[in-house]
């Protein structure tokens, strides 16, 4: 669904992303993890074209991204950035309606189908009762769900999330991740997200991509990839890994810095 | 609930339109020869005295119409710049667009008056050059544009062009008096031909501004979100900036530097009707027109027979009002 081959991104003379390649299958949830400054967010921004890539191939739903313009890309793929802010007087319904913009020519107005999709996005995210509320009046978790609903209204095949749980308390973090997982399962939506919490990555993703200094350190199922040695070499932190019997996902206990 | 909102906004726009018409009728009546409302009305519908007809149709009405057009132009220019620069402080005055346009106009007036037919075009070139400068200096490869850098580079660009205006005024001080009225943002002596001259361009500008509403609205979500919603950011920036520069430049070419309209009016509009450009842009057009009509009428009647240019009134009243808005948390 999303193939990235040999991606390089440079800021002036510093290489941030260095020969990054990944292949995400349809319907998978992939988490990108790695230390601060390892280039996680930069990769997502490069993939959506928000920042220019020096070289590399990106293929979305079997279409070469180079050959698509931004509007065509935005119909296939949606990225939710960190720290989104909306005007204080914007309602949830209005916010979600902007998700329909990629599907509209500049002179086209919203039609019945668009409003149906907006209702559907509200329903799928459990935000029906919030439609007329102001986004600025919502809690962090609810606001994040409103933005997710906007992303859904975009009807993408691939959803990119840049640290979707930042600034949220633990209950809201789980709520948002649960929602992402259920959207993934129900809609076969392919998800690639940047996460900080190793246990979130382990619990919520089919595959984990660990990066260090802009290149892939290892990529695979959490139970195969998240090992003591790996975490020690990538983060410089000593951990204990607990294998839970009922689910195959490893639980990581952080012990101390080396 | 959504339906109620629409009704409310339509009502506000309707009231604003009515107030605009009322302010036109009152402003037309005020001056060295005072007209009562009924006199004004009689003359407007064509059954007034000859002397009244002359005063009204040759002097007052063109002037009030000029204030209306320029006010709407500057307000629209300001609201578009605020949208595209993602900065509530942006306006054609503070970002140097107006002074860029003024430099080229002044140059033609003082140095090459034989080319005065090109003044509007020169204003657009000067204003556009200033906008390009602002963007060029605000741009950084790593972080793109930030609101703060745009406004800082705008202030710097404005200062440079202000300096050039000062330089031109000194070098050509013998020819300056003719340009002085214009530089202060005066609407005096504008006839119907001036109005008819600028009206088609302004109406084209207003139409273009109204067509920018959707892009401006999407930009409210931030540039990253706008990009992810399929907007071509560079194209959107160019289009919105162009329309804003166009509207400001044609205004400068006619009446010189009138500040604060583009800064204050969009704020007032947002406080009254909300941040959605579908509502705040049309309201800004009307409020801008209304405020410049009021400022100009005050300027020519307060110290009569002396006349204060509308630009000076706007600066004196607009500055404190802006500070008030800022303290109140509106800005």
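The values are calculated or read from the model by the stated rules, or taken from the named source; none is laboratory data. What you see is a predicted model; the values in this text were computed from it and never measured. Heads up, the Cβs are rebuilt from the backbone with ideal geometry, glycines too, and the neighbour counts pull from every protein chain shown.
So is residue A:56 in contact with a strand residue (DSSP E or B) (Cβ under 6 Å, 6 or more places away or on another chain), buried (at least 17 other Cβ atoms within 10 Å of the Cβ), away from chain B (no Cβ under 14 Å) and modelled with pLDDT of 90 or more or not? If you could, list the steps in order and put the result at the bottom.
On the way: in contact with a strand residue (DSSP E or B) (Cβ under 6 Å, 6 or more places away or on another chain): yes; buried (at least 17 other Cβ atoms within 10 Å of the Cβ): yes; away from chain B (no Cβ under 14 Å): yes; modelled with pLDDT of 90 or more: no.
Spelling it out, it is not the case that residue A:56 is in contact with a strand residue (DSSP E or B) (Cβ under 6 Å, 6 or more places away or on another chain), buried (at least 17 other Cβ atoms within 10 Å of the Cβ), away from chain B (no Cβ under 14 Å) and modelled with pLDDT of 90 or more.
Being within 22 Å of the chain's Cα centre (by Cα), without any contact (Cβ under 8 Å) to a residue 60 or more places away in the chain and loosely packed, with under 13 Cβ neighbours inside 10 Å is a condition met by no residue of region A:247-256.
Find the helices (runs of 4 or more DSSP H) located wholly in region B:188-245 whose residues include 2 or more that are more than 9 Å from chain A (Cβ to nearest Cβ) and either within 21 Å of residue B:154 (Cα to Cα) or free of Cβ contacts under 8 Å to residues at least 24 places away in the same chain (or both), and list them. Spell out how you get there, then give the answer.
Details: elements: B:192-211, B:213-219, B:223-228.
Where helices (runs of 4 or more DSSP H) fall fully within region B:188-245 and carry at least 2 residues being more than 9 Å from chain A (Cβ to nearest Cβ) and either within 21 Å of residue B:154 (Cα to Cα) or free of Cβ contacts under 8 Å to residues at least 24 places away in the same chain (or both), they are B:192-211, B:213-219.
Residues in region B:27-51 that are in contact (Cβ under 8 Å) with a residue 60 or more places away in the chain and in a helix (DSSP H, G or I): B:27 only.
When the test is whether a residue is within 26 Å of residue A:71 (Cβ to Cβ) and under 17 Å from the mean Cα position of the chain (by Cα), residue A:9 does not pass it.
Somewhere in region B:163-184, is a residue on the phi > 0 side of the Ramachandran plot and either crowded, with 17+ Cβ neighbours inside 10 Å or away from every other protein chain (no Cβ under 14 Å) (or both)? Please lay out each step first, then the result.
So in region B:163-184, the residues on the phi > 0 side of the Ramachandran plot come out as none.
Looking through region B:163-184, none of the residues is on the phi > 0 side of the Ramachandran plot and either crowded, with 17+ Cβ neighbours inside 10 Å or away from every other protein chain (no Cβ under 14 Å) (or both).
For region A:120-131, the criterion of being at pLDDT below 90 and within 14 Å of chain B (Cβ to nearest Cβ) is satisfied by no residue at all. Of all the numbered requirements in (1) within 29 Å of residue B:273 (Cα to Cα); (2) within 11 Å of chain B (Cβ to nearest Cβ); (3) out of contact with any helix residue (DSSP H, G or I) (no Cβ under 9 Å at 6 or more places or on another chain), residue A:86 misses one, and that requirement is (3). Annotation note: Cβ proximity below 8 Å between a residue of region A:127-139 that is on the phi < 0 side of the Ramachandran plot and a residue that is crowded, with 18+ Cβ neighbours inside 10 Å and in a loop (DSSP other than H, G, I, E, B) (sequence gap 6+ or interchain) occurs for A:134/A:90; A:135/A:86; A:135/A:90; A:136/A:86; A:136/A:90.
Only residues that are assigned to a loop (DSSP other than H, G, I, E, B) and either free of Cβ contacts under 8 Å to residues at least 12 places away in the same chain or in contact with a strand residue (DSSP E or B) (Cβ under 8 Å, 6 or more places away or on another chain) (or both) were counted in region A:95-125, giving 7. The set of residues from region B:266-310 being away from every other protein chain (no Cβ under 14 Å), within 25 Å of residue A:91 (Cβ to Cβ) and at pLDDT below 95 comprises just one member, B:268. Does residue B:120 fit the bill of being assigned to a loop (DSSP other than H, G, I, E, B) and either at pLDDT 90 or above or within 16 Å of the chain's Cα centre (by Cα) (or both)? Criteria not met by residue B:120. Within region B:249-257, none of the residues are touching a helix residue (DSSP H, G or I) at 6+ places or on another chain (Cβ under 8 Å) and closer than 15 Å to residue B:277 by Cβ. Selection of region A:59-83 for residues being more than 7 Å from every other protein chain (Cβ to nearest Cβ), under 26 Å from residue A:196 (Cβ atoms) and either crowded, with 16+ Cβ neighbours inside 10 Å or modelled with pLDDT of 90 or more (or both) yields A:60, A:77, A:80. If only residues of region B:284-314 that are farther than 19 Å from residue B:72 by Cβ and in a helix (DSSP H, G or I) are counted, the one that is farthest from the chain's Cα centre (by Cα) is B:301.
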